[in-house]
Amino acid sequence: MTASSPPENDDNTLFMEAVRGVRKLKQDTISPHRSPVKVKAMRTTERKDRAEAHPFSDLYEPWLDQDGPTRFRAGDTSAFELKRLRRGDYVPELFLDLHGLTQEEAKQELSALLLAAQRNNVNCVSVMHGHGKHILKQRLPMWLAQHPQVLAFHQATREWGGDAALLVLLKTER
């Protein structure tokens, strides 16, 4: 070492001599920003769910009997099935509580429930809309009547929520 050169310059010089002839590696085999397989599968499922989600219309108003409890049956469903639903013969396997949700959130949750019921081959679900200002209570039957998977719905028995809920009978592959 000379008295005029600082010690750190010596370190730099020694390092440069040690790595002389070394070249930078080219990364060409593995992408560093590759998504894991599970994430890709989840994204595929989400896209499929969005495609299968039923867009409920607020303009469509089916004819629903205004006398008595809220009820509906599709044209190809027997009246006996509606009666069994009214009596509580069907036990709901999935439950959805819409308390505190906006109409848009309620539509999305209802669509997700019906999709989950279809995937799990569930034939009866309970949708609780609550009392409140009766907004969801009025809209929910209109939305359900539009869905092709819904065979019938009826105001729930006291055991499953009374007039603050609907029991929905769905098509299954059984």
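The table below gives the values:
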| read-out | value |
| --- | --- |
| Options L85, L98, L136, L110: the member that is open to solvent by less than 40 Å² (accessible area, probe 1.4 Å) and without any contact (Cβ under 8 Å) to a residue 40 or more places away in the chain | L136 |
| Pick from the range 73-108, criterion under 15 Å from M142 (Cα atoms) and not basic (K, R), ranking: modelled with the lowest pLDDT | A74 |
| Complete set of residues in the range 58-72 that are among the polar types (S, T, N, Q) and either surrounded by 11 or more Cβ atoms within 10 Å (Cβ to Cβ) or at pLDDT 80 or above (or both) | T70 |
| Tally, over the range 155-169, of residues that are in a loop (DSSP other than H, G, I, E, B) and of a type in the set (V, I, T) | 1 |
| Flag if Q103 is touching a residue at least 40 places away in the same chain (Cβ under 8 Å), under 19 Å from the mean Cα position of the chain (by Cα) and under 23 Å from A79 (Cα atoms) | no |
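The values are calculated or read from the model by the stated rules, or taken from the named source; none is laboratory data. The structure presented is a predicted model; accordingly, all values stated were derived computationally and were not measured. Here Cβ is always computed from backbone atoms with ideal geometry, including for glycine, and neighbour counts include all displayed protein chains. Surface areas here come from the heavy atoms of the whole protein model, side chains and all, with no ligands, DNA or RNA. Shrake-Rupley method; radii C 1.70, N 1.55, O 1.52, S 1.80 Å.
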